Each structure stands twice: as structure tokens, then as C-alpha cells.
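Report on the structure given below.
The values are calculated or read from the model by the stated rules, or taken from the named source; none is laboratory data. Predicted, not measured: the structure shown is a model, and the values here were computed from it. Please note: Cβ atoms are built from the backbone with ideal geometry, for glycine as well, and neighbour counts cover all protein chains shown.
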Amino acid sequence: MSVIIFVNVAMRYLTNQSLEWAEEVSRHMMIWLTFLGAGPVLRYGGHIAVDNLQDAMPKALAVATRVLVAALLFAFFSIMIWYGWLYMQRAMFQLTAVTQIPFGYIYAAIPVGGLLLVVHWLLVVRQFVLHRTFASDEHFDATASASL
């Protein structure tokens, strides 16, 4: 994506010509990047979180709160998959302006990203609920012990 944008900008200033498809393709790549990247960010605890409330709670109540959060996340991911699939199917007959590919292929990022979010959620949910840890915590611990 960044190579396409760089080449397009360079061509525009050096040759007064530009790639007419560059902006459209890079936008579609950004959409896919966003939905594919959401899962790994979830797995490593990189999404914005407000931890002050559960820090102030007794341990049992904090665990119950994390169970509720995990259930809400799973519900959101499920809804995202379902409605993303419907949206993708509806957009399959509309073509993009320059490349003339069906919008459904771009919107397929929604259900695919949702499925990957569920996979990453399954990989961290137990540790998150019980101990409020993520894969980044394990990586940090391994790095810290290796440097000792």
C-alpha cells in the first residue's frame, strides 16, 4: 500500500502522470489491513482499555466484569461476521470506479476479520478472564527473563 502511494506521488511530481487506480487500490488495502490486523492487536492486548474500574474491584467482581466484557466481545464479533457476510453479498453486484471489481470482495474483509477476531479471542479469553493477561505479557516476561 505504501509502495503504491509512494510510486504514485513520485510519478505525479516527476512525470506529471499518476496511476489512476492507486488511490482506490490503496484504500481497499487499508480496509483489509484494518480488519486483518484487529485480531492480532486483540491477542496482544493492544486495543484501548479502561482498567481503572476493575483495578478498584475485589478479585471475584473483577473476574465477573471480564467475563461480561469477553461475552460482549464475542457477541460483537458474531454480529460483525453475520452482517459483514450479508453486506458483502449485497455489494457483490456493485463495481468499484476504476478497477471494476465487485465491492463484495472489499467488504469480504468484514466477515474474514470477524472470524479472525474470534480465533484470536479464543486464544486469549481464558487468560484474560482469569488473570487479565495477554500474549504481549508472556512475550514481555520471556524477554525480561532472557535479559537477566
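Tabulated results
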| quantity | calculated |
| --- | --- |
| Qualifying positions in the stretch 3-29 - free of Cβ contacts under 8 Å to residues at least 24 places away in the same chain and polar (S, T, N, Q) | 8, 15, 16, 17, 18 |
| Cβ-Cβ under 7 Å pairs, at least 6 apart or on other chains, the stretch 117-136 side in contact (Cβ under 8 Å) with a residue 60 or more places away in the chain, far side part of a loop (DSSP other than H, G, I, E, B) and of a type outside the set (A, V, I, L, M) | 124/134; 128/134; 134/44; 134/45; 135/44; 136/44; 136/45 |
| Any hit, the stretch 104-116, residues being under 19 Å from the mean Cα position of the chain (by Cα), modelled with pLDDT under 95, crowded, with 16+ Cβ neighbours inside 10 Å and part of a helix (DSSP H, G or I) | no |
| The stretch 64-92: number of residues that are surrounded by 15 or more Cβ atoms within 10 Å (Cβ to Cβ) and either charged (D, E, K, R) or touching a His at 6+ places or on another chain (Cβ under 9 Å) (or both) | 1 |
| Of all residues making up the stretch 117-145, the number that are part of a helix (DSSP H, G or I) and at pLDDT below 90 | 12 |
| Counted residues, the stretch 87-103 - those being over 19 Å from the mean Cα position of the chain (by Cα) and either in a helix (DSSP H, G or I) or over 15 Å from residue 24 (Cβ atoms) (or both) | 6 |
| Lone unmet requirement of (1) surrounded by 15 or more Cβ atoms within 10 Å (Cβ to Cβ); (2) modelled with pLDDT of 95 or more; (3) not acidic (Asp, Glu) for residue 95 | (1) |
| Complete set of residues in the stretch 70-107 that are of a type in the set (Val, Ile, Thr) and free of Cβ contacts under 8 Å to residues at least 24 places away in the same chain | 79, 101 |
| Helices (runs of 4 or more DSSP H) fully within the stretch 1-78 counting 1 or more residues that are under 23 Å from residue 109 (Cα atoms) and in contact with a helix residue (DSSP H, G or I) (Cβ under 7 Å, 6 or more places away or on another chain) | 2-15, 22-43 |
| Residue within the stretch 24-37 that is among the small types (Gly, Ala, Ser), surrounded by 14 or more Cβ atoms within 10 Å (Cβ to Cβ) and under 16 Å from residue 99 (Cα atoms) present | yes |
| Which listed residue, of 115, 86, is of a type outside the set (Lys, Arg) and over 25 Å from residue 130 (Cβ atoms) | 86 |
| Hits in the stretch 40-74 (condition: farther than 12 Å from residue 121 by Cα and in contact with an Asp or Glu (Cβ under 9 Å, 6 or more places away or on another chain)) | 62 |
